[in-house]
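See structure below.
The values are calculated or read from the model by the stated rules, or taken from the named source; none is laboratory data. Computed from a predicted model, the values in this text were never measured in an experiment. Using ideal geometry, Cβ is built from the backbone for each residue, glycine included, and neighbour counts are taken over all protein chains shown.
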Amino acid sequence: MGMKRGFCLLFACIAIFSCAPAQAAAADVGEQVTEIVALRATGKFDFEIPAKTLMEASTSFPMEYGETVTITASYSPASASVDFGLIDSDGLFYPVRGSNGSINQTIRIDLRGTYTFAVRNNSSYKVSVSGFVNY
């Protein structure tokens, strides 16, 4: 009976340690470096936004302090006034204005929370928008 328990304990330990994630590390002259894998997402968008309208993405992302979101887009007509940005969990919009029909901006997160990508058309006419947002 004791040997059977010993084997069960051994196999349980093997199963537990074989499922644990391993960290990637490199050592160089007493210095240890650990690689941290961060999950990122890229979303493509292409839509028409009516005049004086704010449109939000259907998906939100949790973001940590210091993380960044990069917005690369174009819109037409180029003379339109268009803001791209993030809406936090309190509904506050953090905009960055496009200019001459395009935007290529990186927004740094200053407060940990859940954020949603949004585009606001400030113009009095419909605007076509397309591009990418990288979380």
Looking only at strands (runs of 3 or more DSSP E) that fall completely inside region 45-123, which ones have 3 or more residues that are among the hydrophobic types (A, V, I, L, M, F, W, C) and buried (at least 16 other Cβ atoms within 10 Å of the Cβ)?
53-63, 68-76, 82-87, 113-121
List pairs: first residue in region 81-105 and farther than 17 Å from Phe45 by Cβ, second residue surrounded by 14 or more Cβ atoms within 10 Å (Cβ to Cβ) and acidic (Asp, Glu) anywhere in the structure, Cβ distance under 8 angstrom, at least six positions apart or on different chains.
Tyr94/Asp88; Arg97/Asp83
Keeping to region 124-135, report how many residues are buried (at least 16 other Cβ atoms within 10 Å of the Cβ) and over 16 Å from the mean Cα position of the chain (by Cα).
2
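Touching a Ser or Thr at 6+ places or on another chain (Cβ under 8 Å) and touching a residue at least 40 places away in the same chain (Cβ under 8 Å): which single residue out of Met55, Met63 fits that description? Step through it out loud before you land on a result.
Numbers: Met55 fails: touching a Ser or Thr at 6+ places or on another chain (Cβ under 8 Å).
Criteria check complete, one pass: Met63.
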Ser76 being over 17 Å from Asn134 (Cα atoms), in contact with a strand residue (DSSP E or B) (Cβ under 7 Å, 6 or more places away or on another chain) and not aromatic (Phe, Trp, Tyr):
yes
Being over 16 Å from Arg112 (Cα atoms) and at pLDDT 95 or above narrows Ala41, Ala51 down to just Ala51
